[in-house]
Protein chains: 2
Amino acid sequence: MARGEITGNTASLCPGYAQANLVILPKDWAFDFLLFGLRNKQACPILEILDAGDPVSKILAPGADVRDELPRYRLWLGGELVDEPTDIRHLWREDLVSFYLGCSFSFEDALKAAGLPVRHQEMGVNVPMYRTKLPAAPAGRLHGPLVVSMRPMPPDLVEKAHLVSGDFAEAHGQPVHAGDPAEIGIADLDRPEYGDPVHMHPGEVPVFWACGVTPQAALAASRVEFAITHAPGHMFITDIKAEDLGGKALLACGRS
Amino acid sequence: MARGEITGNTASLCPGYAQANLVILPKDWAFDFLLFGLRNKQACPILEILDAGDPVSKILAPGADVRDELPRYRLWLGGELVDEPTDIRHLWREDLVSFYLGCSFSFEDALKAAGLPVRHQEMGVNVPMYRTKLPAAPAGRLHGPLVVSMRPMPPDLVEKAHLVSGDFAEAHGQPVHAGDPAEIGIADLDRPEYGDPVHMHPGEVPVFWACGVTPQAALAASRVEFAITHAPGHMFITDIKAEDLGGKALLACGRS
């Protein structure tokens, strides 16, 4: 991604390439967060972790500086969202650890290729995301709800959506729920906590995937004193083809 | 394992059940170590991680207290080995994080079932383990050499050893080297840094597997101020069948 050129959401950008969620935390919180990620693999598939103070990706997009590669970031202080900058160089500290997590945008090309609708792309908006009543597995000081993204599907295509996305374990894999939103604690599909609402066509079923915004809900609920994340839908675009993510992800935490 | 009843090595104990390496570190070192483990998956396949201050396994052997379940431990201060106690209750602190890592003893039954020799079991001794000249991938403050275990094999069975152990990715998987020990920096097979030497039969080839003692070499090289590990060969015996380790290990870092 060229620096500062794009500040909108990345839902349909760079077709075929994997996208990633971003969480940057002080090292004091890094163990709790890594454990949170490992305990919530479907919501937080870890793709790459940088050493404290190192802002440069080694695996997902070698040489890319995490401080200006995303179109929009979020700054969190004490669990409160305080700013949405397009560059975070002025916020950088030597104790900051960057985590890249898989993103469901990575399987949307495969959904479309299989004939499945991707409504927010059709509408040119961000994917709708919701906080659920399902708790994420806590880790140390971190706790919070599972956040999900939603894509409406005709009922006869729900199984296909499971099959296609199931091949992308490093991008949240298959859905966690399909059908009545109330069952997972979502009161109103038209009022997502993150992203934009989308139209449901008559007879369509809402299909929900675990979402990489789950860490943002956790750091808010846990009142983490300092954190930087991507702005929902404004992702880190990698140099890795979405279908290669599984193999590459094996390397991702390591140089081994 | 019953408390205090066994203080010898566990190489042939509880056939069929997975065994685990143990590393206990202050939380200040936990992120560095978890990253070290993820970056060195073959040497450090992570099976379970407990929260800081929690000594009780949830997955590998539910209810087992890590402080007296192993036959013998090692206490490390400033990277120096200072004691080999059989119980660590007196050393416990609320900031200690326990990591369980896969162990090659877990695939030895499968090797034997496939007609492959397991010499140290035949001899009733501990497996020989060596520091190599191959560096482990560093992580934060942690660095050190790859440690390997060795089992001699007739040359025509080396490929079979690869195939059989390759099915146990959570227990170090296939060998990292077979043949000339000098190629990986081992000067004398009769003088292992850990465990016991074993007889090589005429014509046999030494076969080397990544070893869960690698973290011990790293915490010594990195002069970690406080650490507790298993004593080499004196493992945590789990309630999980070795062949189920892969599936269970998916859960292992998490309750998800």
Checklist outcome for this item: Residue-normalised 222 nm signal for the protein assembly as shown, counting each DSSP H run of n ≥ 4 as -39,500 (n - 2.57), nearest 500 deg cm²/dmol, is -5000 deg cm²/dmol
Checklist entry - Hey, what's the Kirkwood Rh for the range B:155-221 if you take every pair of different alpha carbons, in angstrom? => result 13.4 Å
Item to check | Gap separating the Cα centres of the range B:227-243 and the range A:21-47, nearest whole Å | outcome: 26 Å
Checklist entry - Leaving out same-chain residues fewer than 8 places away, which lysines sit with a Cα under 18 Å from that of residue A:241? => result A:58, A:112
Item to check | Cα convex hull of the range B:143-256 - mean projected area over all directions, nm² | outcome: 8.9 nm²
Next on the checklist: Using DSSP to call loops (not H, G, I, E or B), can you name the GluC sites (Glu not before Pro) in the range A:1-70 whose Cβ has at most 13 other Cβ atoms within 10 angstrom?
Outcome noted: A:5
Checklist outcome for this item: Listed with the fewest Cβ neighbours within 10 Å leading, A:56, B:198 appear as A:56, B:198
Item to check | For the protein assembly as shown, with +1 on Lys and Arg beta carbons and -1 on Asp and Glu, the positive-most of A:121, B:117, A:71 along the dipole | outcome: A:71
Checklist outcome for this item: Inter-chain shielding metric for B:31-43, i.e. average beta-carbon neighbours from other chains within 10 angstrom, reads 5
Checklist entry - What is the set of long-range amide H partners of residue B:239 at a cut-off below 5 Å, with H atoms built 1.01 Å from backbone N? => result B:61
Next on the checklist: Using a 7 Å offset from Cα along the direction of the beta-carbon, what are the separations from residue B:91 to the same position in each other copy, nm, ascending?
Outcome noted: 4.1
Item to check | Three principal axis lengths of the protein assembly as shown [C-alpha, angstrom, descending] | outcome: 73, 44, 42
Item to check | Peptide B:45-53, shielding by other chains (average Cβ, 10 Å cutoff) | outcome: 2
Next on the checklist: No solvent, one uniform scatterer per C-alpha: report log10 I(q)/I(0) for the range A:20-61 via the Debye equation at q = 0.17, 0.20, 0.33 1/Å, two decimals.
Outcome noted: -0.47, -0.65, -1.31
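What are the equivalent ellipsoid semi-axes of chain A, built from the alpha-carbon gyration tensor (square roots of five times its eigenvalues), in whole angstrom, biggest first?
Ellipsoid semi-axes (Å, largest first): 27, 20, 17.
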Checklist entry - Taking amide hydrogens as modeled 1.01 Å from N in the peptide plane, which residues meet the under 5 Å criterion relative to residue B:212, leaving out close sequence neighbours? => result B:104
Checklist entry - Tell me, what HN-Hα J-couplings in whole Hz come from the Karplus equation 6.51 cos²θ - 1.76 cosθ + 1.60 at θ = phi - 60° for each residue of the range B:186-198, using x for Gly and Pro? => result 9, 7, 8, 4, 7, 10, x, 6, 9, x, 10, x, 10
Checklist entry - Based only on the alpha carbon positions, what is the Kirkwood hydrodynamic radius of the range A:116-210, in angstrom? => result 13.8 Å
Checklist entry - What are the ³J(HN,Hα) values, in whole Hz, obtained from phi via the Karplus relation 6.51 cos²θ - 1.76 cosθ + 1.60 with θ = phi - 60°, for each residue of the range B:166-177 in sequence order, with x given for Gly and Pro? => result x, 6, 10, 4, 7, 10, 5, x, 7, x, 9, 6
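Indicate the gyration tensor shape class of the range B:146-194 (rounded, prolate or oblate), computed on the Cα atoms with a ≥ b ≥ c the square roots of the eigenvalues: a/c under 1.5 is rounded; otherwise a/b larger than b/c is prolate and the rest oblate. It would help to have the intermediate numbers written out before the result.
Values: a/c = 2.28, a/b = 1.45, b/c = 1.57.
Since a/c reaches 1.5 but b/c is at least a/b, the shape of the range B:146-194 is classed as oblate.
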Item to check | Virtual spin-label span in nm between residue B:160 and residue A:201, 7 Å along Cα→Cβ | outcome: 5.9 nm
Next on the checklist: Rounded to whole Å, give me the distance from the Cα center of the range B:93-117 to that of the range A:153-197.
Outcome noted: 39 Å
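Readers should treat all values here as calculations from the given coordinates under stated rules, not as data from a laboratory. All of these numbers come straight from a predicted model, not from anything done at the bench. Cβ atoms come from the backbone with ideal geometry, glycine included; neighbour counts cover every protein chain shown.
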